[in-house]
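Here's the structure, in structure tokens; my notes come after.
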Amino acid sequence: MNLTEHPENSAQYASLNVNRGIAQPPAVNPYPTERKKRRDYTPAEYTEEIRKGNITVLSQAVTLLESQKPEHQAIAQEVIEKCLPFSGNSVRTGITGVPGAGKSTSIDAFGTHLIHQRNRKLAVLAIDPSSERSKGSILGDKTRMEELSRDAKAFIRPSPAAGSLGGVARKTRETIILCEAAGFDTIFVETVGVGQSETAVHSMVDFFLLIQLAGTGDELQGIKRGIMEMADGIIVNKADGNNIEKAQLAAAQYRNALHLFPLPPSGWTPKVLTYSGYYQMGISEIWDMVDEYIAFTRENGYFERRRNSQAKYWMYESINEQLKNHFYRSPVIEKKLPDKEAQVLRSEISSFAAAKQLLDSYFNF
């Protein structure tokens, strides 16, 4: 025996016995199998499979939407146009709240209730924050939605924020159209909870739900005019155990704060409820509130007006985005931009003058 390999097997260590173990398998699989190539569908085939509720094809279509390749974008836009006549038949709910408010846990509880108690079919479009440094995202929402991720009537699609407006993925609205064409009658859009993401999500949903917490310090920190004015309903999470009284007190403070704001265009007075996402208490009351709001706004015509206003808003957003992309891809701009940037850094020219000169070059090109 080679004692230099295992000196502890020498006689002086008689009480020890170290086995050599088994031979390690090779790093490369000795039995490789040919990987099945994913089928390429035509736009008509994509639409047909999506209409059948094929989740795999729906996921592939969403991937095409998020792709930056022009050939993928062309196919995706054609699929959207074909699916558009079959969309619009869902209730779209935006869900926001500060990080740690329990958005993902609440969505898991809400979705389970809607599917099993109200016979709904649910799609969750969860926006994951992206790193400003690496541009990467964890995309781990499915790990926090244990029940929904196993349910056949639920479709969870996490998307990276990727630096787009306020953290909302650029193609979320188009994804909603595809999900509605696939037969999902309830759509959740979860925001990052920071920046302008609430504004962007508010512009693509029918009901905007704000999740708040109690017992975290100054309750007035949660009463922010901008977000409070957008909310159609406010719910205070973690109303369980020793936190019930604090949650009820916070709810009373939010109700008082809402009285200071003018009545929203919908004519609906936002309600404030308490619940426990973890223990799934008070869930039914929340969705009674949402259903009441949808019925109320359909009756007074605001529901249709809001949908029309959102469609117009996203048309202008698409124009702005296309103009911006065309500007930066222009050959004359690609050539002049580094020089102008260097001149600004050397204080030879102001930022505004450099921008004007670049725009003049672009429009005269």
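The calculated FRET efficiency for the pair TYR279 and HIS259, based on their C-beta separation and a Förster distance of 22 Å, comes to about 0.15. Our estimate of slack between ASP185 and ASP360, defined as 0.36 nm per intervening residue step minus the Cα-Cα distance, is 58.2 nm. Where does the charge balance sit around THR93 when Lys and Arg score +1, Asp and Glu -1, over other residues with C-beta under 10 Å from its C-beta? Local net charge: -2. Computing FRET efficiency as 1/(1 + (r/R0)^6) for GLU321 and GLU292, where r is the C-beta to C-beta distance and R0 is 30 Å, gives about 0.25. If the Kirkwood radius is taken over C-alpha pairs of region 53-112, then at 10 °C and 1.306 mPa s the Stokes-Einstein diffusion coefficient equals 111 µm²/s.
Separation of region 295-320 from region 101-117 is 26 Å, based on Cα centroids. Modelled spin-label separation between ALA252 and SER351, with each label point placed 7 Å from Cα along the Cα-to-Cβ direction: 4.8 nm.
Laboratory data are not the source of any read-out in this text; all were calculated from the coordinates shown. All of these numbers come straight from a predicted model, not from anything done at the bench. Using ideal geometry, Cβ is built from the backbone for each residue, glycine included, and neighbour counts are taken over all protein chains shown.
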